Amino acid sequence: MGVEKPQVKHTQLFINNEWRNSKSGKTFPTMNPSTGEKICDIQEGDKADVDLAVSAARSAFKLGSKWRTMDASLRGRLLSKFADLMERDKAYLIKLETLDNGMPFPYCQWSVEESIRAIRYYAGWADKIHGKTIPMNGNFFAYTRVEPIGVCALILPWNFPILLFGWKFGPSLAAGNTVVMKPAEQTSLTAIYLCSLVKEAGFPVGVFNCIPGYGPTAGAALAEHNDVDKLSFTGSTEVGKIIQIASGKSNLKRVTLELGGKSPLVVMDDADLDLAEKIYDKFVAKSREIAAARVVGDPLDEKTAQGPQIDEEQFKKILELIESGKKEGAKLETGGKKVGSKGFFIQPTVFSNVTDGMRIAKEEIFGPVQSIIKFKTMEEVIERSNRTNYGLASGIMTKDLEKALTYMQGVQAGTVWINTFLSFSPQTPLGGYKMSGYGRELGEDGLSEYCEIKTVMMAMDHKNS
Ligand code: ADP
């Protein structure tokens, strides 16, 4: 049984709590990755629209504005109200995300629920953001005030659109900033729909604005903007570098970057490290079996375990990396080809006999490709796990606590999973070492990325001291 396709309700820019067309009058198509066909056209924002949205966000941030004078607890209540509205429209949001992104329905369900959880988590923070009183030298009264940074640009990727929406929407607004968001051009639909809930929840005019459009135009206009105070980006390392440079060339806006990853999962032979090779063949056989049995197809069909890739570019990139694996001497255990002639489907693919120098071992694939690599000692696996430019995450499977903790300490990664993989929660920070970016999302650390600290020192009357 499949799930019915959702209707698209909104396709415009959202500025000052109003829907509007792009100034240029241009639109761009958003495609269904399962069929390669167009879902609908969306208004295409670029620099002129970004200027308008930034100026709306700036006005909403002015001292004395409704947003700046609102009690922090009320800010929290608005975020909770927004999360309640997402909950009300959950079934629709899951379907819309599945249609637009192509992830199987259960993953989209998890994404929507996790996004709601993150917004609720940050709703609770809104009135608990405060500084310290500090006993400084001399006769002074000194304290710190934690303030919002100002106008925040939030640039989203296509991989987990609604999840990343929540991860950035929650903390930026809980801290009292105003926002201009740009969703990824491949997956704008859920972000645009959520704008209608911003209005319904009752956020003041200009607090949250959304400009769908392309990276080199709308995205770059945000990165280069002199009146944007902070930019939070999730996407490729390549674009992360461009954004960093744009910040340096404009107003040194604060930048947090969550970029690519190549996160190894280490599976130990608990009986004896020297016998690790013994489990290799068994592990490969099992992986091959699971991959070959995996149901690939329409993400709205409940039998489906794997949907399509997001677009033709990504689809071609993955197939090209698979070819490189074959050419460089890895053994293709199963998969390796496209599925069908419509949409962007790729067979679940497993490679064995992979060595560190191969592209499939070094580059982020972002597709259904498993590379299984042999190792012998703990020292070696730590060294080899770190032999990558990335440092987003890493995992280890073992019952031996000492091995788990030794690996955890040695590996250069923002997250280490022990006997689990890809676990997230709003309370725990997430981010990368090395070229996986910097700054953190989620948790208290994620909130502080949206805050400035002001130190206040007041001289006291010396005669009375
Ligand atoms: P991926 O390579 O994972 O597709 P990208 O890094 O290209 O992801 O895109 C992530 C987000 O960054 C998207 O919203 C995209 O539109 C935006 N983007 C792409 N290029 C730029 C740019 N030059 N400046 C700002 N944003 C950009």
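The values are calculated or read from the model by the stated rules, or taken from the named source; none is laboratory data. Keep in mind that this is a model prediction, so the values were computed, not measured. In this analysis, Cβ positions are derived from the backbone assuming ideal geometry, glycine residues included, and neighbour counts consider all displayed protein chains.
Quick notes on this structure:
- When restricted to residues that are in contact with an Asp or Glu (Cβ under 7 Å, 6 or more places away or on another chain), modelled with pLDDT of 95 or more and hydrophobic (A, V, I, L, M, F, W, C), the range 411-465 contains 2.
- Filtered residue count, the range 357-397, keeping only those that are in contact with a strand residue (DSSP E or B) (Cβ under 9 Å, 6 or more places away or on another chain) and hydroxyl-bearing (Ser, Thr, Tyr): 3
- Qualifying residue in the range 120-132 (condition: of a type in the set (Gly, Ala, Ser), in a helix (DSSP H, G or I), within 16 Å of the ligand (Cβ to nearest atom) and surrounded by fewer than 24 Cβ atoms within 10 Å (Cβ to Cβ)): no
- When Ile129, Ile134, Ile149 are screened for being over 26 Å from Leu257 (Cβ atoms), of a type in the set (Val, Ile, Thr) and assigned by the TED database to the domain that holds Arg88, only Ile134 passes.
- Considering only residues in the range 165-178 that are crowded, with 24+ Cβ neighbours inside 10 Å and in a loop (DSSP other than H, G, I, E, B), the one that is farthest from the ligand (Cβ to nearest atom) turns out to be Ala175.
- Boolean, Gly260 is of a type outside the set (Asp, Glu), surrounded by fewer than 24 Cβ atoms within 10 Å (Cβ to Cβ), touching a Gly at 6+ places or on another chain (Cβ under 9 Å) and touching a residue at least 12 places away in the same chain (Cβ under 8 Å): yes
- The range 418-465, residues that are within 26 Å of Thr398 (Cβ to Cβ) and among the aromatic types (Phe, Trp, Tyr): Phe421, Phe424, Tyr433
- Of all residues in the range 150-164, those satisfying the criterion of being within 18 Å of Ile192 (Cβ to Cβ) and either more than 16 Å from the ligand (Cβ to nearest atom) or not in a loop (DSSP other than H, G, I, E, B) (or both) are Ala153, Leu154, Ile155, Pro161, Ile162, Leu163, Leu164.
- Verdict on Glu147 being in a strand (DSSP E or B), more than 16 Å from the ligand (Cβ to nearest atom), of a type in the set (Asp, Glu) and modelled with pLDDT of 95 or more: yes
- Across the range 270-314, the number of residues qualifying as farther than 23 Å from Gly357 by Cα and within 16 Å of the ligand (Cβ to nearest atom) comes to 6.
- Any hit, the range 258-267, residues being part of a strand (DSSP E or B) and within 15 Å of the ligand (Cβ to nearest atom): yes
- Of the criteria (1) crowded, with 21+ Cβ neighbours inside 10 Å; (2) of a type in the set (A, V, I, L, M, F, W, C); (3) away from the ligand (no atom under 16 Å from the Cβ), which one Leu332 fails: (1)
- Scanning the range 436-463 for residues that are buried (at least 20 other Cβ atoms within 10 Å of the Cβ) and of a type in the set (A, V, I, L, M), we see that the one that is farthest from Pro264 (Cα to Cα) is Leu447.
- Residue in the range 69-77 that is touching a residue at least 24 places away in the same chain (Cβ under 8 Å), buried (at least 20 other Cβ atoms within 10 Å of the Cβ) and among the basic types (Lys, Arg) present: yes
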